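The values are calculated or read from the model by the stated rules, or taken from the named source; none is laboratory data. In this text the structure is predicted, and so the values were computed from the model without any measurement. Counting neighbours? That spans all protein chains shown, and the Cβs are built from the backbone with ideal geometry, glycine included.
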Amino acid sequence: MDQQKLTLVEILVVVAIIALMGTLSAVAVGAARSKQRDATRLSNVRQIQSALEDFFNENNTYPEGSLLPLGDSTQSACLGITGFRADCSTETATIIRSVPRTYESGLPGKVTCGNPARKAFCYSALNEGDAYAIQFELENGLPGAGLQKGVNCAIPGKMAAGVCPQ
């Protein structure tokens, strides 16, 4: 009878260890997914910055816009030679056919714009088109890149932690 109790205790210990390992694995996978979503967001912002520089080189100004939700199918689905548009099929030249939108999953919604307001990369032209600001949100901080968890800002040539100038 003592041997049966010992076997039962052993089984319970093994089950507890497996449950603990499963919990730790789920937490690690969640953290990895969160970092992957942030990497995608940063890649999208850099892609938009590159397209905006191309636009500036063609027009000597940045496209018009004030708190414009980028990637919005009614306002900013593409960037043509004349600015952000819902459809660039009539444009003579297209700079970026599909403007990336933010990956909304995991964001608490500190950066919203548009009507109705939604989580987005929020673009604004500054100084009469001499500069721009793209406000965006991250789930995790990236101290090496100078970015924080929450609200960050992309301006010509760089990204920085915090709210964008308006």
Original post:
Just for region 1-54: of the residues that are at pLDDT 80 or above and among the basic types (Lys, Arg), which one is farthest from the chain's Cα centre (by Cα)?
Top reply: Arg33
Subject >> Hits in region 113-126 - residues which are of a type in the set (S, T, N, Q) and modelled with pLDDT under 95 >> reply: Asn115
Subject >> Number of positions in region 44-74 that are outside any helix (DSSP H, G or I) and farther than 15 Å from Pro100 by Cβ >> reply: 9
Subject >> Residue that is surrounded by the most Cβ atoms within 10 Å (Cβ to Cβ), among those in region 130-144 that are over 13 Å from the mean Cα position of the chain (by Cα) and either closer than 13 Å to Asp72 by Cα or at pLDDT 95 or above (or both) >> reply: Tyr132
Original post:
Just one of the numbered conditions (1) buried (at least 18 other Cβ atoms within 10 Å of the Cβ); (2) free of Cβ contacts under 8 Å to residues at least 60 places away in the same chain; (3) β-branched (Val, Ile, Thr) is not true of Thr74; which one?
Top reply: (1)
Subject >> Selection within region 1-60 - of a type in the set (Asp, Glu), without any contact (Cβ under 8 Å) to a residue 24 or more places away in the chain and surrounded by 10 or more Cβ atoms within 10 Å (Cβ to Cβ) >> reply: Glu10
Original post:
Since Glu104 meets every condition but one in (1) surrounded by fewer than 17 Cβ atoms within 10 Å (Cβ to Cβ); (2) farther than 18 Å from Gln49 by Cβ; (3) of a type in the set (Asp, Glu); (4) at pLDDT 90 or above, which condition does it not meet?
Top reply: (4)
**OP:** Determine whether region 149-163 contains at least one residue that is in contact with a Gly (Cβ under 9 Å, 6 or more places away or on another chain), part of a loop (DSSP other than H, G, I, E, B), without any contact (Cβ under 8 Å) to a residue 12 or more places away in the chain and under 23 Å from Ala32 (Cβ atoms).
**Re:** yes
**OP:** Check whether at least one residue in region 120-133 is touching a Gly at 6+ places or on another chain (Cβ under 8 Å) and without any contact (Cβ under 8 Å) to a residue 24 or more places away in the chain, and report yes or no.
**Re:** no
